[in-house]
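Here is the structure we will look at, set down as structure tokens.
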Amino acid sequence: MTWHRHSFLASGDGGRDHIAGKKRAWDKRCVPAICFTDPEIVSAGLSPAEAQAQGYEIRTGQFPFSANGRAMTMLSEEGFVRVVARADTNLVLGLQAVGAGVSELSAAFALAIEMGARLEDIAGTIHAHPTRSEAVMEAALKALEALCIFDEEQAMMSGYCQANACWCGSREAASLFMVRPEL
């Protein structure tokens, strides 16, 4: 593992707390790895291959920056965001991104893993438009897509689709509110 300043700061805080007699857990999975290249690369948690090697059945979602409004306005549409989650619980195991400025997503990636976020948590969080962070939400929606039911007429009749849920009539917008509760 490559250690960066942010890793040393976290481990130093843990050492200080240990000396002071305080208990503190430090989960190194939450340390983001960043390549400040062009394009940038950021990863936190497990990649799909790492998750599968650890015996997890996974679901992944990937969203390209070529479909992201902010990337388009900045003429930097290269890259993607990917989320890796457990197939049985939707617990986020890892997030990766490649693209211009993606190092700025590293704290959100680490926070999602640290807090034990599920795909539904990320998909249901408001992401400002237009921002690159919307790609994180879209990747979570892509991962959830296999679980979604989408029959617009049935959704309207059952009350799933209220004014705030499906105003645009898209599968992505509706999917937030139509994930089967038994899953």
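Would you say ARG5 is touching a helix residue (DSSP H, G or I) at 6+ places or on another chain (Cβ under 9 Å) and at pLDDT below 95?
No; evaluated as a whole, the condition is false for this residue.
Restrict the check to segment 75-83 and report whether at least one residue is aromatic (Phe, Trp, Tyr) and touching a residue at least 40 places away in the same chain (Cβ under 8 Å).
Looking for residues that are aromatic (Phe, Trp, Tyr) and touching a residue at least 40 places away in the same chain (Cβ under 8 Å), one finds at least one in segment 75-83, hence yes.
Would you mention how many residues in segment 85-117 are closer than 24 Å to LEU75 by Cβ and small (Gly, Ala, Ser)?
7
Would you tally the residues in segment 55-84 being touching a Lys or Arg at 6+ places or on another chain (Cβ under 8 Å), farther than 10 Å from GLY99 by Cβ and not in a strand (DSSP E or B)?
3
Scanning for something modelled with pLDDT of 70 or more and part of a helix (DSSP H, G or I), does segment 23-31 turn up at least one residue?
Yes, that holds for at least one residue.
Being aliphatic (A, V, I, L, M) and buried (at least 18 other Cβ atoms within 10 Å of the Cβ) is the filter; apply it to segment 36-71 and report the residue that is nearest to PRO130 (Cα to Cα).
Among those residues, the one meeting the criterion is ALA71.
Among (1) surrounded by fewer than 19 Cβ atoms within 10 Å (Cβ to Cβ); (2) under 13 Å from the mean Cα position of the chain (by Cα), which single condition is GLY101 missing?
Status for GLY101: all satisfied but (2).
Looking for something part of a loop (DSSP other than H, G, I, E, B) and in contact with a Leu (Cβ under 6 Å, 6 or more places away or on another chain) - is there at least one such residue anywhere in segment 86-98?
yes
Tell me which of these GLN52 doesn't satisfy, since it passes every other one: (1) at positive phi; (2) of a type in the set (S, T, N, Q); (3) free of Cβ contacts under 8 Å to residues at least 12 places away in the same chain.
Going through (1) at positive phi; (2) of a type in the set (S, T, N, Q); (3) free of Cβ contacts under 8 Å to residues at least 12 places away in the same chain one by one, GLN52 breaks only (1).
The values are calculated or read from the model by the stated rules, or taken from the named source; none is laboratory data. Just so we're clear, the structure is a prediction, and the values are computed from it rather than from any experiment. Glycine also receives a Cβ, built like all others from the backbone with ideal geometry; neighbour counts cover every protein chain displayed.
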